[in-house]
Amino acid sequence: MSPQNILTFPPDFYWGTATAAHQIEGGNTNSDWWRYEHQPDTLCQESSGDACDSWHRYEEDLDIVASLGLNSFRFSLEWARIEPAPGEFSVAALDHYRRVIEACHRRGILPVVTLHHFTLPTWVADAGSFEAPDIAKWMGRYADRVVGALGDGIGIACTINEPNIVAMMGYLYGVFPPNGRGWDRFCTVNETMRRAHGEMKDALRAGPGSFPIGLCLSMTEYQAVNGGEERLATWVEQMEDGYLRAARDDDFLGVQCYSRNLIGPTGPVEEQGVEVTDMGYAYWPQVVEYTVRRAAALAGVPLIVTENGISTQHDERRRDYIEEALVGLHRAISDGVDVRGYFQWSLLDNFEWVLGYSQKFGIVDVDRHSFTRTIKPSGHWYGDVARKGILAPRA
Ligand code: NOJ
C-alpha cells in the first residue's frame, strides 16, 4: 500500500452509527406508526413489535458502539413516550433518555440526539398529524421540555429526521401515515416542517446546554430522463432546495443519502439494468460525495453525513459500499467541503418501516427471538477505520 493510497480523515471527525427509537426500542404502542402497523389495510409487512428491545438493551448497544471504536452515536427520542397526551410529559421517559445519554458519556461517546424520527404520538395523529394547525407550536413545546430535561447532556441535536421523506411518503404517495395523497398537501407539509424546525431550534437554543442544532435532510443524485427536466426542477425544489436555503441559518445540516434517482415527466422512475440493493435502490455509494458537495454549495453551513448505508444480505458488499462512500467523502473534504462526521445507517438490523425486518442495514445482526447481537465483519472493519481515522482502500 503506497502512502498516497492512505486516506486520513480530520482528527476530530465524528465517526458514528445511527438508529431511531421506533426502529429499535420496541413496544412503541402510543405512536401513529404502531397504530398503522396494526390496521387491517396497512401497507406494513409486519408490526414493529419488540423491535431490537433496545429500550432495555441500550447499555449493550452502547458497549458495542464503544468496542468498535466509534466516538459518536445517533439515536432518537420518542415523542409518543415523552408526551403521551397533549401537554402531559412523562418524567419517567425523559429519565430513561437521560440514562441513555449518560451511558454514552460514560463510554466517551458523543450523543447525537434526534427529536423527531418519523413517528408521532397518537393524539397528534388524531388532530391531523403534520396538517394539524398547531403542529409547529406543539413540536416547539416538546423541544422545550426535552432541552429542559436533557439539554446539558446533548452533544448534537437533530430536530427533524428527513422531513422531506415524511412529506413525500405520508402526504404525496400515501405509504406512510397518515396515507395522504396530493401534490399541494406534500408542498404544504414541507413548509410546515420548516416552521416546526424553527420552533424547535428556538426552544433548543434557549438551553440548558450548548450544542449544534440542525435538521437531517434526505438527499440524492437526481437526473432527468425522457424529458423530465421540468418535473425535476419542481421536484428538487420541494425535496431539497427549499430545505437547503432554510438551513443557511442553522449550525449544521445533516445529509442523508443512499442512492441516485431518475425523474421522468411524471416523477421518479425506476432505473433498469443496474445493480440494486435489497431496497431496490441503485448501488451508488458515490452519492455521498455528490450530495455533500451540493449541500455545501447551497446551504453553506458545516455538514454531517447523519445517515448512509446499504440494505444487503451480503455483508462484504456493505463493506464495499461504505468504503466507496468514504473515498468520495474524503475527496470532498480534501477539496475543502466542511464535513464534520459520518454516521453509518445502521448499528442494528432493525424495523425498516413498511418493509419490516426484511431489510438488513445493520453492521450488527440481531436474532429476532433472543435479541442476541452479533457484530458483522463490516462492523469490525468500519470500527477499525473509525478508530484509526484512516482508510486504506483496496482499489
Ligand atoms: C432513512 C431513515 O431516516 C431511516 O429511518 C431508514 O431506516 C433509512 N433511511 C433506510 O431506509
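The values are calculated or read from the model by the stated rules, or taken from the named source; none is laboratory data. Just so we're clear, the structure is a prediction, and the values are computed from it rather than from any experiment. All Cβ positions, even for glycine, are placed from backbone atoms using ideal geometry, and neighbour counts span all protein chains on display. Protein only, heavy atoms only, side chains kept; ligands, DNA and RNA dropped before computing areas. Shrake-Rupley method; radii C 1.70, N 1.55, O 1.52, S 1.80 Å.
Key figures
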read-out	value
FRET E, pair Leu355, Val225, Förster distance 35 Å, beta-carbon r, rounded to 0.05	0.85
Computed [θ] at 222 nm, deg cm²/dmol, the chain (DSSP H ≥ 4; -39,500 (n - 2.57); rounded to nearest 500)	-12000 deg cm²/dmol
Fluctuation leader among Val236, Val366, Val225 - the chain, Gaussian network, Cα springs under 10 angstrom	Val225
Charge dipole (debye, nearest 20) of the stretch 3-391; +1 at Cβ of Lys and Arg, -1 at Cβ of Asp and Glu	680
Label-point separation, Asp152 to Asn5 (7 Å along Cα→Cβ), nm	5.1
10 Å Cβ shell holding at most 16 others, DSSP loop, GluC sites (Glu not before Pro): longest site-free stretch of the chain	47-269
Largest-first ordering by accessible area, 1.4 Å probe, given options Leu110, Leu217	Leu110, Leu217
Solvent-accessible heavy-atom area per residue, rounded to whole Å², over the stretch 71-220 at 1.4 Å	33
Options Ser358, Pro377, Tyr36, ranked by Cα towards positive dipole end of the chain, top entry (Cβ charges)	Pro377
Label point 7 Å beyond Cα of Ala127 along Cβ direction - residues of the stretch 29-47 with amide nitrogen under 12 Å	none
Accessible surface of the chain [probe 1.4 Å, protein heavy atoms]: carbon and sulfur percent	50
Within the chain, longest stretch clear of exposed trypsin sites (Lys or Arg not before Pro) (DSSP loop, no more than 13 other Cβ within 10 Å)	182-367
Residues of type lysines that Lys201 reaches as a straight line, Cα spacing below 16 Å, ignoring anything fewer than 8 places off in the same chain	Lys137
Local net charge near Leu70, Cβ-Cβ under 13 Å (Lys/Arg +1, Asp/Glu -1)	+1
Note, ³J(HN,Hα) from phi for the stretch 267-279, Karplus 6.51, -1.76, 1.60, rounded to Hz, x at Gly and Pro	x, x, 10, 7, 7, 9, x, 10, 5, 10, 7, 5, 7
Label-point separation in nm, Asp134 to Ser67, each point 7 Å along Cα→Cβ	4.7
Stretchable slack from Glu270 to Glu88, in nm (0.36 nm times residue separation minus alpha-carbon distance)	61.0 nm
Cleavage-rule hits (chymotrypsin sites (Phe, Trp or Tyr not before Pro)) in the stretch 289-395: DSSP loop, at most 16 neighbouring Cβ within 10 angstrom	none
Separation of the Thr188 and Asp95 label points, Cα + 7 Å toward Cβ, nm	4.2
Candidate aspartates and glutamates for bridging to Lys376, where Cα separation is under 17 Å - those fewer than 8 sequence places away on the same chain excluded	Glu60, Asp61, Asp63, Asp315, Glu316, Asp320, Glu323, Asp349, Asp365, Asp367, Asp384
Directionally averaged shadow of the stretch 93-196, computed from the convex hull of its alpha-carbon atoms, nm²	6.7
Neighbour net charge for Ser218 - beta-carbon separation under 14 angstrom, K R +1, D E -1	-3
